[in-house]
Amino acid sequence: MPKVKVQTLINRRSVDELAIFSGRPAFLNELYVGRPNIPERKKLLRRINAMLDRKWLTNRGPFVLELEAKIADMVGVKHCIATCNGTLALIIAVRAMQLSGEVIIPSFTFIATAHALQWEGIKPVFCDVEPRSHNIDVYRLVDLITSRTTGVIGVHLWGRPCDIDQLTSITKRHGLRLLFDAAHAFGCSYKGHMIGAFGDAEIFSFHATKCFNTFEGGAIVTNDDKLAEKLRLMKNFGFRGFDNVISLGLNAKMSEVAAVMGLTNLEGIVDFITINHKHYRQYSKELSNVLGIRLIAFDEEEKNNYHYIVIEIDENVTKVNRDDFVKILHAENVIARRYFYPGCHNMEPYRSLYPGAGMTLPETEKLANRVLCLPTGTAVKPGDINKICQIIRFIATNGEEIKRKLIGKDDKNKKTQPVM
Ligand code: T4K
């Protein structure tokens, strides 16, 4: 991909100069949410060569074992079980924890959290989120517990921990298992302790778009020896030694080349997070006085990976709604994302299975229509952020006029479309 070059067209004087109308895009090439962090190539290639020379490509290879040990040490847990992705980490954790019946999760999450349960024949019961934190609302959760409930999956959305203390005490009180989907939260802490050490287990995603990636990958971390043993069997067909299958299992192993990427990225993670942190501070500063735009804040007393730059758009103030912001930004080549629109309960199969779910999820429904993720990470430069913020400010301060023009444009398009 060519390097992103920025055009100096940001000081727009009129709404017509927006690319969605007749202007030139602010960026020549697309700026994405989720461009992968790439480690130092020499080190990466050196390890790949060692792997090739050794002719050991998967199945408990030395690089996977090294990565597991390093992650367990970093997180402060006894066991790390590396997997081929975060979704399979969830699926085998759900199974190994013997979850069944109903499990409570937030609907405002990536679809994999719900799919892992449904895949295992478990009903995901969607709980609303708390509007400030975007995380599962522990007070609403209590009302959803029934005799069929066996567990809760808390999601540390955007890397910001959910209310772990409350979730721990509620699940203990009701005899439920507690799993955390920490897909976003590698490198983050809660009350000074690293995410990964809470609940019965936590899972990470090391997908290419995450702060720390192994191309594709994931891990389950836990302090529970028995659970760890089960998980290790499950991720490898249930094999204990040659020819000896002692339980049901599937193939959820991480490959050596993924671990190579992980080990090399681990050496760069402090730098990646430092860049993310700087970007977060810049966004925070440059959007601080834009009316109708709220940047989701991280608690800087804790460890954060600052990997998601999330804004909430208040259409009542900006006059332009979130979806129109998306269209305008995309026209400028800023590929902002509507994570996690429209909420799991509005996607299949859940929309058909539980058609009334939205009635009990008012905050989720609101957020799903207000939230927007902006580009950050090592592929984004401070000058890019400055321009993105200028565009956002321009949209927010010229909302009325932009909205009128967008409606006019839509009407025109409708008229020019042939009648079928
Ligand atoms: N739980 C939660 C809470 C999660 O957020 C996720 C994953 C999981 C569980 C499951 O973990 P995994 O099984 O995925 O390990 C992306 C990721 O695919 C997904 O991992 C992630 N969450 C989710 C939040 O985002 P999409 O559909 O947005 O991916 P995609 O392909 O549109 O990529 C996003 C942008 O990144 C693209 O617009 C361009 C850029 N990109 C992407 C890739 C893959 C690149 O520049 N290079 C690349 O190689 O889901």
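Only the coordinates and a few stated rules stand behind these numbers; no lab work does. Here the structure is a predicted model, which is why all the values come from computation and not from measurement. Reconstructed Cβ throughout: ideal geometry from the backbone, glycine too, with neighbour counts over all protein chains shown.
Taking only Cα atoms, what is the 0 to 90° angle, nearest 10, from helix 41-54's long axis to the longest principal axis of the chain? The answer is roughly 30 degrees.
A simple spin-label model places the labels of Glu267 and Lys226 4.1 nm from each other, with each point 7 Å out along Cα-to-Cβ.
Taking a sphere under 15 Å around the Cβ of Glu267 and counting the other residues whose Cβ falls inside, with K and R at +1 and D and E at -1, yields a net charge of +2.
Once the Cβ-Cβ distance between Ser133 and Asp53 is put in as r, and R0 is 60 Å, what FRET efficiency do you end up with, to the nearest 0.05?
Numbers: r = 48 Å, r/R0 = 0.81.
The value I calculate is 0.80.
Result for the chain in a Gaussian network model with C-alpha springs under 10 Å: among Phe27, Phe242, Phe272, the largest mean-square fluctuation is at Phe242. Within straight-line reach of Lys403, meaning a Cα separation under 19 Å, sit the following aspartates and glutamates at least 8 residues removed in sequence or on another chain: Asp16, Glu17, Glu312, Asp314, Glu315, Asp323, Asp324, Glu332, Asp411.
Relative to the longest principal Cα axis of the chain, at what angle does helix 62-75 sit, 0 to 90 degrees, rounded to 10? So the inclination is approximately 70 degrees.
Can you say what percent of the DSSP beta bridges in segment 41-265, counting only those with both residues inside, are antiparallel? Round to 5. Kindly include the intermediate steps, with their values, before the conclusion.
Numbers: 15 of 31 bridges.
The answer is about 50 percent antiparallel.
The dipole here belongs to segment 41-265: it is taken about the Cα centre, uses +1 on the Cβ of Lys and Arg and -1 on the Cβ of Asp and Glu, and is about 700 debye. Compute the helix-to-body angle for 382-397: its Cα long axis versus the longest principal axis of the chain, expressed 0 to 90° and rounded to tens. Approximately 60 degrees, to the nearest ten.
Computed from point charges on the beta carbon alone (+1 for Lys and Arg, -1 for Asp and Glu), the dipole magnitude for segment 26-117 about its Cα centre is near 500 Debye.
In segment 41-265, taking the dipole from charged Cβ atoms about the Cα centre, the farthest positive-side position among Phe108, Ala89, Phe242 is held by Phe242.
Say the cut-off is 31 Å between C-alpha atoms; which of Lys70/Lys230; Lys327/Lys415; Lys303/Lys327; Lys70/Lys235; Lys123/Lys319; Lys285/Lys327 go over it? Don't skip to the end; give the middle numbers.
Numbers: Lys70/Lys230 21 Å; Lys327/Lys415 20 Å; Lys303/Lys327 34 Å; Lys70/Lys235 19 Å; Lys123/Lys319 39 Å; Lys285/Lys327 24 Å.
In this structure, Lys303/Lys327; Lys123/Lys319 exceed 31 Å between Cα atoms.
Inter-part distance, segment 330-349 to segment 111-190, computed on C-alpha centroids, equals 22 Å. Between Phe239 and Phe21, the modelled labels are 6.4 nm apart [label points 7 Å from Cα along Cα→Cβ]. With springs connecting C-alpha atoms under 10 Å apart, model the chain as a Gaussian network and identify which of Leu248, Leu90, Leu18 has the largest mean-square fluctuation. Between Leu248, Leu90, Leu18, it is Leu248 that shows the largest mean-square fluctuation.
First check a/c for segment 41-265, with a ≥ b ≥ c the square roots of the eigenvalues of its C-alpha gyration tensor; if it is under 1.5, answer rounded, and if not, answer prolate when a/b is larger than b/c or oblate otherwise. Write out the running numbers ahead of the final one.
On the way: a/c = 2.19, a/b = 1.54, b/c = 1.42.
Because a/c hits 1.5 or more and a/b exceeds b/c, segment 41-265 counts as prolate.
A Förster distance of 22 Å, applied to the separation of the beta-carbon atoms of Ile407 and Asn316, puts the FRET efficiency at 0.80.
For Trp119 and Asn346, the difference between the fully extended length at 0.36 nm per residue and the C-alpha to C-alpha distance is 80.0 nm.
Note on Ser169 and Ser288: their simple-model spin labels are 3.5 nm apart, each label 7 Å out from Cα toward Cβ.
Between the listed residues Ile71, Leu44, Met359, the Cα displaced farthest toward the positive end of the dipole of the chain, a dipole computed from Cβ unit charges relative to the Cα centre, is found at Leu44.
For the chain, the antiparallel share of DSSP beta bridges with both residues in that region comes to about 55%.
With +1 on the Cβ of every Lys and Arg and -1 on the Cβ of every Asp and Glu, and nothing else charged, how large is the dipole of the chain about its Cα centre, in debye rounded to the nearest 20?
Values: 56 positive and 46 negative charges, 230 e Å.
My answer is approximately 1100 debye.
Taking the chain as a Gaussian network of alpha-carbon nodes connected by springs under 10 Å, the highest mean-square fluctuation of the residues Asn29, Asn244, Asn37 belongs to Asn244. Can you tell me the FRET efficiency between Met74 and Lys327 if r is taken as the Cβ-Cβ distance and R0 is 35 Å, rounded to the nearest 0.05? The computed FRET efficiency comes out at 0.30.
Secondary-structure-derived ellipticity at 222 nm for the chain, considering helices only, amounts to -12000 deg cm²/dmol, per-run term -39500 (n - 2.57) for DSSP H runs with n ≥ 4.
Within the shell of other residues whose beta carbon sits under 13 angstrom from the beta carbon of Asp16, the net charge comes to +4, with Lys and Arg scored +1 and Asp and Glu -1.
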